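**Student:** Right, I'll just put the structure down here and ask away after.
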Amino acid sequence: MKRLLRFVGILLFLLPPALAKGQDTGQLRMKKDLPPENDIALWGGVEEGRFKPTQAAVFQWSAGADASVARHGIHTSWTGAISLGQTMGKHAGSSSLFLEPEYFPLDLVDQAAGMTSRQTGRVEIGLLSDLSDLWAAGFKASVQAANETKKVALRPTTFGLDAQFEPTLTFVVDDDACFVSSYLVRLRTERVKMGQPGEGVTPVFLDEGMRYGLYEPGLDLFPVMELTHGFYERYLSPGVSGGFGITWKRGRAGGSDYSRFKFPGSTLKGFFEAEREGFEIDQIYRVAYQRDRDQLREANEGGYTTRSNRVTRNATFGFALRPHEGVLKRVGIDLDGNLWDHRGFVSTQDKTRMLGGMATAYASLAFGRVDLDVRVSGGGGRWMDSGHTYGPNDESVRLAEDWARNMDYRMLPRVGGGGTVTYRAAFLEGLSIQLCGDLTHAFKMVHLGGKNRETATLRVGYHF
């Protein structure tokens, strides 16, 4: 582990900045005549309110820095980015000890309130080089490390590493269109470490799905490892773009050799985007779909027993207008729908189904050196439990109130609004100052402690 940490540190501080602005590596040679681009930025923000998932803090602040670069040579193009961040949260209550709650089909839940501190670092790099006039090959790679500590009696600490490598092959159709094929390999690990529970300290809760599980006394180390691989195929052009991909994952967790749990799964995704040019206004259409499936299995004397199944589906439709002239640069609406199906097999077949949706309208305007982006949104949903729910049984305990709070956060009807103001300085070309703010308000309050959540972020950047 010490060697791994040293390697991550070298990557974070010595590698050139990588993969600027989320560019698709397969398109780099389509932009090889562009000049070099460099960006650096400092940012800081605050977030406050009790309309939140259980793992979030009532008040938290964050700060960080990032940088990016892009270069286009005669035969090779490359991009890069690096970022560092720090987040501190006050009054974090019942919370997941994993870095991304609900990503894995199992969870560790600490019910003590306290302060959390997280440090993150990320490095990305992408390269594409010509093989001929029609073919180009390259890769995209990234490494992200994070460490989080919660200041309570158990003093839990979580360290996570996420490494990805994606070789890419591009076939150039013409000057502004290409087919991109890529293969993804991803390794994700987390290690939760805590001191031995002392007298009067509640042991950590091991959630095996839908907040069913058992309290684990004396649990001082819990490792998780997941390996993902798959492929993506995309056609990219200014007029019509589309693609699809599928990935498979194999996860293991618990014990000194990751043998207590297994969680196989898969992800299927696809998108289609079309732009219809008009005399004064262009129309843009976008459709996307993603399905995630995983299963949690626990070791026993005869092999592994299924503890829970989880399937989530997300569909998005977007429509936008882009005028050729005027103050208004873009206006549109995004419709997002989600369906979750969680089934547990701890005792009887317990099931939770969630159906939710959100609509977001947005507009982008430009007034000289000032850009204004505004957005309003609204949505909600419903959730239903069936089976043996909301109570203990011979095999497990359920954190029913914690589960209900998370469901309320997902499903309660809410509205939101916000905006981003960007000023490009006249006294120093390339300098920009950006202020972003958002407010969310829920119409009901059943299990949560409040109806509002506010965020504000200030970012100062320099482009050269």
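The values are calculated or read from the model by the stated rules, or taken from the named source; none is laboratory data. Please read all numbers here as calculations on a predicted model, not as lab measurements. A quick note on method: Cβ atoms are made from the backbone with ideal geometry, for glycine too, and the neighbour counts reach across all protein chains shown. Side chains are part of the model used for accessible areas, which takes the heavy atoms of the whole protein and leaves out ligands, DNA and RNA. Shrake-Rupley method; radii C 1.70, N 1.55, O 1.52, S 1.80 Å.
**Student:** What is the sum of charges around TRP61, taking Lys and Arg as +1, Asp and Glu as -1, for the other residues whose C-beta is under 10 Å from the C-beta of TRP61?
**Tutor:** Result for the neighbourhood of TRP61: -1.
**Student:** Now, a different point. Kindly provide the Kirkwood hydrodynamic radius of the range 141-268 in Å, to one decimal, from all pairs of distinct alpha carbon atoms.
**Tutor:** For the range 141-268, inverting the mean 1/r across all distinct Cα pairs yields 17.7 Å.
**Student:** Something else now. Using alpha-carbon positions, what is the distance between the centroids of the range 51-71 and the range 201-252, in Å?
**Tutor:** 21
**Student:** Continuing with the same structure: Please list CYS436, CYS178 from largest to smallest accessible area, probe radius 1.4 Å, with all protein chains kept in place.
**Tutor:** Final ranking, largest accessible area leading: CYS436, CYS178.
**Student:** Extension gain ALA137-ARG369, at 0.36 nm per residue separation less the Cα-Cα distance, in nm?
**Tutor:** Here the answer is 79.6 nm.
**Student:** Given a Förster distance of 35 angstrom, what is the FRET efficiency for LYS329 paired with ALA456, based on the Cβ-Cβ distance and rounded to 0.05?
**Tutor:** 0.90
**Student:** Where nothing but the Cβ of Lys and Arg (+1) and of Asp and Glu (-1) is charged, how large is the charge dipole of the chain around its Cα centre, in debye to the nearest 20?
**Tutor:** Using Cβ point charges on Lys, Arg, Asp and Glu, the chain gives about 720 debye.
**Student:** Pull out the extension gain between MET384 and ARG291, defined as 0.36 nm times the separation in residues minus the alpha carbon to alpha carbon distance; nm, one decimal.
**Tutor:** Extra length available between MET384 and ARG291 comes to 31.4 nm.
**Student:** Give me the percent of accessible area attributable to carbon and sulfur for the chain, probe 1.4 angstrom.
**Tutor:** Heavy-atom surface of the chain belonging to carbon and sulfur, 1.4 Å probe: 59 percent.
**Student:** Here's another thing I want to ask about it. Summing +1 for each Lys or Arg and -1 for each Asp or Glu, what net charge is found among the other residues whose Cβ lies under 14 Å from the Cβ of TYR423?
**Tutor:** Spelling it out: positives minus negatives among the neighbours equals 0.
**Student:** Rounded to the nearest 10 Å², what accessible area does VAL374 have for a 1.4 Å probe in the complete protein model?
**Tutor:** Roughly 60 Å² of VAL374 is accessible to a 1.4 Å probe.
**Student:** Another question about this same structure. Please quote Rg/Rh for the range 137-192 to two decimal places, taking the Kirkwood radius as Rh and restricting both calculations to Cα atoms.
**Tutor:** Result for the range 137-192 is an Rg/Rh of 1.32.
**Student:** Hey, another quick one. Could you tell me the relative contact order of the chain? Use alpha-carbon pairs under 8 Å, at least six residues apart, and round to a whole percent.
**Tutor:** In percent, rounded to a whole number, it is 12.
**Student:** Would you compute, for the Cα atoms of the range 76-142, the largest minus smallest coordinate along each principal axis and list the three values in descending order, in whole Å?
**Tutor:** Principal extents (largest minus smallest coordinate, Cα): 61, 27, 10 Å.
**Student:** Say the cut-off is 27 Å between C-alpha atoms; which of LYS262/LYS451; LYS140/LYS262; LYS329/LYS451; LYS151/LYS249; LYS262/LYS351; LYS90/LYS269 go over it?
**Tutor:** Where the Cα-Cα span goes over 27 Å, the pairs concerned are LYS262/LYS451; LYS140/LYS262; LYS329/LYS451; LYS151/LYS249; LYS90/LYS269.
**Student:** Separate question: As a test of the formula, what do you get for the chain when each DSSP H run with n ≥ 4 contributes -39,500 (n - 2.57) and the sum is divided by the residue count, at 222 nm and rounded to the nearest 500 deg cm²/dmol?
**Tutor:** The helix contribution divided over the chain gives -1500 deg cm²/dmol.
**Student:** Not counting ligands, DNA or RNA, and with a 1.4 Å probe, what is HIS75's accessible surface area in Å² rounded to the nearest 10?
**Tutor:** Roughly 120 Å² of HIS75 is accessible to a 1.4 Å probe.
**Student:** Rank LYS193, LYS351, LYS329 by accessible area, highest first, at a 1.4 Å probe radius?
**Tutor:** So the residues, ranked largest to smallest area, are LYS193, LYS329, LYS351.
**Student:** If you count only protein heavy atoms and use a 1.4 Å probe, how large is the accessible surface of PHE272, to the nearest 10 Å²?
**Tutor:** 100
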